[in-house]
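Shown next, in C-alpha cells, is the structure this report addresses.
The values are calculated or read from the model by the stated rules, or taken from the named source; none is laboratory data. Bear in mind the structure is a predicted one, so any value in this text is a computation, not a measurement. Cβ coordinates were reconstructed from backbone atoms using ideal geometry, including for glycine residues, and neighbour counts include every protein chain displayed. Side chains are part of the model used for accessible areas, which takes the heavy atoms of the whole protein and leaves out ligands, DNA and RNA. Shrake-Rupley method; radii C 1.70, N 1.55, O 1.52, S 1.80 Å.
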Amino acid sequence: MDLNDKQKEAVQTTDGPVLVIAGAGSGKTRVLTERIAYLVRSKRAQPTSILAFTFTNRAAREMKQRLESANPGICERMWVGTFHATGVKILRRHGDRAGVSRDFSIYDATDSLELVKVSISQRTLEARLMRSPTSVRDQISRWKNELISPQMAAMRAANNIEKRIVSLYSEYERGLRRANALDFDDLIAKVVELFSIDPEVKRHYATRFRYILVDEFQDTNPIQMAMIEALASEHRNLFVVGDDDQSIYSWRGAKVEHILNFENLYSDTKLIRLEQNYRSTQTILDAANHVIVNNKGRKGKELWTAGERGEKIEMLVSMDEESEANNVLHTVRELAGEGVALRDIAVLYRTNAQSRALEDVLKLGSLPYQIIGAVRFYERAEVRDILAYCKLLANPADNVSLKRIINVPKRGLGKTTYEKLSEHAAFSNVPIMQILRSGAFALGSSQTKRCGEFVRLFATLESIAATKDAPQVIEAIVDGINYREHLRDNYPDGESRIENVDELINAAEVYTENREDRSLRAFLEEIALVADVDALDDESGQLTLMTLHNAKGLEFDCVIIAGLEDGLFPHINSMDNEEALEEERRLFYVGMTRACRRLFCSYANMRRRMGVIEGGSPSRFLYEIPEELMVGSIQMMEGHSRSDSLGFVDNEFDQSTGYARGVSAAGRVAAAPREFEDYSQEELVYSVGMRIHHDDFGRGVVRRVEGSGENLRVTVIFDRGGERKFVARYAPMRPT
C-alpha cells in the first residue's frame with residue numbers, strides 16, 4: 001500500500017473503536033477504501049459484513065469506483081451509501097415492524113413543504129398567525145433530528161405560537177401517513193424507532209455488520225448517531241473519519257460534539273491524526289492553520305505538505321458587488337490565459353444571493369459557468385410535473401403529487417374541484433385517489449365526467465407501469481397526456497422545457513442500463529436521494545459557482561472566495577454568538593482548503609443590502625492571515641489598514657469597474673484598494689435634507705444620519721439616481 005505511516009496505521013487498526021482526525025486533503029477517502037480492501041484481503045471480513053456510510057451519493061460512487069478498480073466485484077454485496085439510502089434498504093425489508101409500509105414513497109424537500117402548506121391551509125387561525133411554511137418545515141425537521149415526537153414537542157411548547165406549530169407537526173405526520181410517505185428525516189428516524197421497538201431486528205443488523213465505517217463524522221446529527229450506535233452495538237468495530245475543523249452544518253442538526261466527545265463515549269478509542277496534506281500548497285495551509293487556530297472548540301492539528309510552498313494568497317479589493325464581479329471575471333480570464341482550465345476554477349460565496357451580480361457579469365463576458373445548488377434539474381417545474389405522475393403511479397395514496405398534476409395539462413379539474421375531493425377524502429380518512437376511483441363524491445355532471453376521464457387515464461398508465469421499465473413508463477406518461485404539446489403551446493421557452501423532459505427520460509435510461517431492478521419505483525428512489533453537489537459536472541469545461549457549504553469535499557486548482565466582509569462572512573447572525581462565529585470560521589477554513597494551487601480572497605468596500613448601499617469592513621478572518629502570506633492590502637473604510645506589501649505603481653482608478661488596478665513588483669496585474677482621502681482633521685456636520693457633493697457620484701441630498709464622531713455614517717440619495725451609504729470621515733464629499 002502506497003500510504004504514509006499514519007494512513008497505514010489507520011488502515012491496519014482493525015478492531016475496536018477508531019477515531020481518525022483527517023485534515024482537509026489528507027487522503028481520508030483513500031484511507032477508507034484501503035481499509036475496506038484490507039479487511040477483505042486479510043480475510044478479517046466478508047464484503048457482506050461491511051457497512052460504510054457516506055454523506056453524498058457522489059462520495060459513495062467515488063468510494064465504490066476506487067474499490068472496484070483494484071478489487072473487481074468487491075462492492076456487489078457490500079453496503080456503501082448515505083445514511084438515507086441505508087435507511088431505505090432497512091425499512092424496505094423490515095419497516096412494517098414499525099408500522100411503515102414497505103412500498104412507502106419518499107417525500108423530498110419540495111414535497112414536504114407542500115404538505116406543510118396544505119396543513120396550514122386547513123387551519124384558518126394558523127394561516128393568519130403562522131410564520132412562513134419553510135420555517136415550520138425546518139422546525140419539524142429539527143424536532144425529528146432530535147428524536148422529538150409531536151407529543152414530546154407539545155410538552156415543551158412554551159407559548160401559543162409554539163403550540164400551533166406543534167399542532168401543524170401532528171397534522172403533517174397524519175398527512176404523511178395518509179400518503180403512505182416518509183420524508184428525508186424519517187428515513188433515518190424510523191430506523192432508530194424500529195431498532196428501539198424490535199430488538200430482534202436491531203440484533204440482526206448489528207450482528208451482520210462486523211465492521212462499520214463512517215465518513216464525515218463531524219456532520220452527524222443525533223438520529224444518525226443513534227443509528228450508528230445501534231448498528232455498532234454488537235462488535236464495536238466502529239471506524240469514524242472526520243475533521244472537527246470542517247463541521248459546518250449545525251443549522252441542519254449536525255453536532256460537532258460527536259467527534260469532540262467520541263473518546264468519552266468509547267473509552268478504548270484509538271485516536272489517529274492525518275495531518276499531511278496532498279492537495280494544497282504550504283502557503284495555503286499555513287494561512288488556513290493560522291485562521292482555524294483561533295477556534296477553541298477543536299481537537300487540534302496542523303496541516304503540512306511535502307509539496308511546494310506555492311504563491312501567496314491574493315487580495316481582490318473592489319468598490320461594490322458589481323465591481324467585485326468584474327474583478328472576479330478579470331481574474332478568471334487571467335488564469336485562463338495562463339493555461340488554467342475553467343473547470344479547475346471555482347468561485348465560492350457565503351449566500352446564494354451573491355451569485356446574481358456574478359452571473360450578470362459572467363453572462364456579459366460570455367464566460368461559461370455552472371451554478372451548484374441553484375435550481376436543480378429535478379426541481380424544474382416540467383420535470384417535477386412528470387415526476388409527480390410517476391410518484392402517483394408508484395403510490396396512489398400520494399395526495400401531494402395528485403394535487404400537482406390533477407389539472408396538468410389543464411383538464412377542467414381546478415382548485416375548487418380538488419378542494420371538494422380533498423374534503424370527501426378527509427371525511428372518509430382515505431386517499432383522494434380512492435375517492436376518485438369510487439365515484440363517491442358530489443360534483444356536477446361535467447366535473448364528474450372529467451374525473452372519470454382522469455381515472456381512466458391513470459388506470460391505463462398503471463397497467464403500463466406494472467410491466468414496463470422506468471424510461472418506457474415516463475415516455476408513456478409524456479405521450480399519454482400530450483405534455484410536449486402542452487409545453488410548446490403554453491410557454492415561450494417550451495422547447496427548452498421539452499429538452500428537460502427528454503433529459504429525464506435519458507436519466508431513466510442511464511439508470512436502468514446496469515440495474516437488476518429497472519422499475520419506476522427503483523428509479524424514483526434513486527433520484528429522491530440526489531444532493532446538490534451530485535449535480536457537479538467535472539468535465540463540463542465551465543467555471544463553477546457555489547456556496548461554501550456546497551463546496552465541502554471538493555477541490556479546485558484555483559479558488560476565489562467572494563464577499564469577505566463582516567456581516568456577510570462571517571454572517572451577521574453569528575456575530576454575537578461565539579459558537580456560531582467559530583462555525584463561520586470553520587466555513588472559511590473549508591473554503592481556503594478547497595484550493596490546490598492558487599487562492600484569492602475578495603471583498604467590497606460597499607454592498608447593496610435590502611436595497612440600500614452600505615459601507616462595509618473586510619472580514620475579521622482576513623486579519624488572521626499573516627501579512628507575509630498575502631499579496632495586496634486589507635483596508636477598511638473606517639481607516640484601519642495594513643501596509644501594502646505589493647508596491648503598486650502607476651495606479652489608476654477605473655470608473656467603469658470601481659477599483660484601482662496597478663502593476664505589482666512581480667509584474668502581475670492585481671486589484672488594489674481604492675484610496676479614500678482622510679477628512680478627519682475637519683469637523684464635519686451633516687443633517688437630513690442637506691445638499692452635498694461627492695467627488696464620484698455628484699450632487700445629492702442626505703437622507704439619513706447615523707452615529708457620531710469617527711462612526712458617523714451618512715446615507716445620500718444622488719441626483720443622478722441611486723442611494724449610497726458612507727462613513728463620513730473617509731467619504732470624498734462635502735456639504736454645499
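Calculate the length of the line joining the C-alpha centroid of segment 284-331 to that of segment 17-75, in whole Å.
31
Put +1 on the Cβ of each Lys and Arg and -1 on the Cβ of each Asp and Glu in the chain; which of Val116, Val40, Gln282 then has its Cα farthest toward the positive end of the dipole?
The residue sitting most towards the positive pole is Val116.
For the chain, report the accessible area per residue in Å² (1.4 Å probe, heavy atoms, rounded to an integer).
On the way: 31680 Å² over 736 residues.
Accessible area per residue, the chain: 43 Å².
Sum -39500 (n - 2.57) across every DSSP H segment of at least 4 residues in the chain, then divide by the residue count to get the 222 nm mean residue ellipticity, nearest 500. Walk me through the numbers before you get to the answer.
Working: 28 runs with 313 residues, N = 736.
After summing the helix terms and dividing by the residues of the chain, the value is -13000 deg cm²/dmol.
Taking a cut-off of 18 Å between Cα atoms, list the lysines near Lys391, but don't count ones fewer than 8 places away on the same chain.
Excluding near neighbours in sequence, the set is Lys403, Lys468.
For a quick check of understanding: with a 1.4 angstrom probe and all protein chains in place, what accessible area in square angstrom does Leu548 have, to the nearest ten?
Surface accessible to solvent at Leu548 totals approximately 0 Å².
Sketch the reach of a paramagnetic label on Asp517 as a point 7 Å from Cα along Cα-to-Cβ, and name the residues of segment 463-502 whose backbone nitrogen lies under 19 Å away.
Within reach of a label on Asp517: 465-474.
With unit charges on the beta carbons (Lys and Arg positive, Asp and Glu negative) and the dipole taken about the Cα centre of segment 456-578, which residue among Asn506, Val478, Pro570 sits farthest to the positive side?
Farthest towards the positive pole: Val478.
Pop out the ³J(HN,Hα) list for segment 296-305 in order, Karplus 6.51 cos²θ - 1.76 cosθ + 1.60 with θ = phi - 60°, rounded to Hz; leave Gly and Pro as x.
Those phi angles translate into 8, x, 7, 6, x, 5, 9, 6, 8, 9 Hz.
Of the heavy-atom accessible surface of the chain (probe 1.4 angstrom), what whole percent is carbon and sulfur? Each step should come with its number before you reach the end.
Working: 14730 of 31680 Å².
Result for the chain: 47 percent of the exposed heavy-atom area is carbon or sulfur.
Determine the dipole magnitude for the chain: charges of +1 sit on the beta-carbon of Lys and Arg, -1 on that of Asp and Glu, nothing else is charged, the reference point is the Cα centre, and the result goes in debye to the nearest 20.
Values: 98 positive and 110 negative charges, 547 e Å.
Here the size comes out at about 2620 debye.
For a paramagnetic label modelled at 7 Å from the Cα of Tyr38 toward its Cβ, which residues of segment 238-274 fall within the zone defined by backbone nitrogen distances under 15 Å?
238-241, 270-274
Rank Ser196, Phe600, Gly698 by how far each Cα sits towards the positive end of the charge dipole of the chain (+1 on Lys, Arg Cβ; -1 on Asp, Glu Cβ) and give me just the farthest.
Sorting the options by dipole projection puts first Ser196.
I need the semi-axes of the equivalent ellipsoid of segment 338-494: take the C-alpha gyration tensor, multiply each eigenvalue by 5, square-root it, list largest first in whole angstrom. Working shown, then result.
Working: eigenvalues 336, 63, 48 Å².
Equivalent ellipsoid of segment 338-494: 41, 18, 15 Å, largest first.
Expected output is a single nm value to one decimal: the length gained when fully extending between Asp557 and Ser233, i.e. 0.36 nm times separation in residues minus the C-alpha distance. What is it?
Working: separation 324, 0.36 × 324 = 116.64 nm, distance 4.22 nm.
Full extension of this stretch gives 112.4 nm more.
Relative contact order for segment 406-514: what is it in percent, counting Cα pairs under 8 Å that are at least 6 residues apart? Present the calculation step by step, with values, prior to reporting the outcome.
Numbers: 62 pairs, mean separation 22.0, N = 109.
Worked out over segment 406-514, it gives 20 percent.
Per the Kirkwood formula on distinct C-alpha pairs, the Rh of segment 274-390 is how many angstrom? Present the calculation step by step, with values, prior to reporting the outcome.
On the way: mean 1/r = 0.0562 Å⁻¹.
Radius from the Kirkwood sum: 17.8 Å.
Which order do the peptides 74-87, 514-527 take when ranked by the mean count of other beta-carbon atoms within 10 Å per residue, highest first? Please list the in-between numbers first.
On the way: 74-87: 19.9, 514-527: 16.9.
Highest to lowest by the protection proxy: 74-87, 514-527.
When only C-alpha pairs under 8 Å and at least 6 residues apart count, what is the relative contact order of the chain, in percent? Kindly include the intermediate steps, with their values, before the conclusion.
Details: 1244 pairs, mean separation 107.3, N = 736.
Dividing the mean separation by the residue count of the chain yields 15 percent.
With the Cα gyration tensor of the chain in hand, convert its eigenvalues to equivalent ellipsoid semi-axes via √(5λ) and list them largest first in whole Å.
On the way: eigenvalues 441, 259, 127 Å².
So the equivalent ellipsoid measures 47, 36, 25 Å along its semi-axes.
At 1.306 mPa s and 10 °C, plugging the Kirkwood radius over alpha-carbon pairs of segment 24-183 into Stokes-Einstein gives what diffusion coefficient in µm²/s?
Working: Rh = 18.6 Å.
After rounding, the answer is 85 µm²/s.
How far, in nm, would the chain grow between Leu457 and Met155 when pulled straight, counting 0.36 nm per residue and subtracting the alpha carbon separation?
Numbers: separation 302, 0.36 × 302 = 108.72 nm, distance 4.71 nm.
Length difference between fully extended and current span is 104.0 nm.
Lys64: which lysines have alpha carbons under 22 Å from its alpha carbon, excluding same-chain residues fewer than 8 sequence positions away?
Lys8, Lys28, Lys43, Lys89, Lys552
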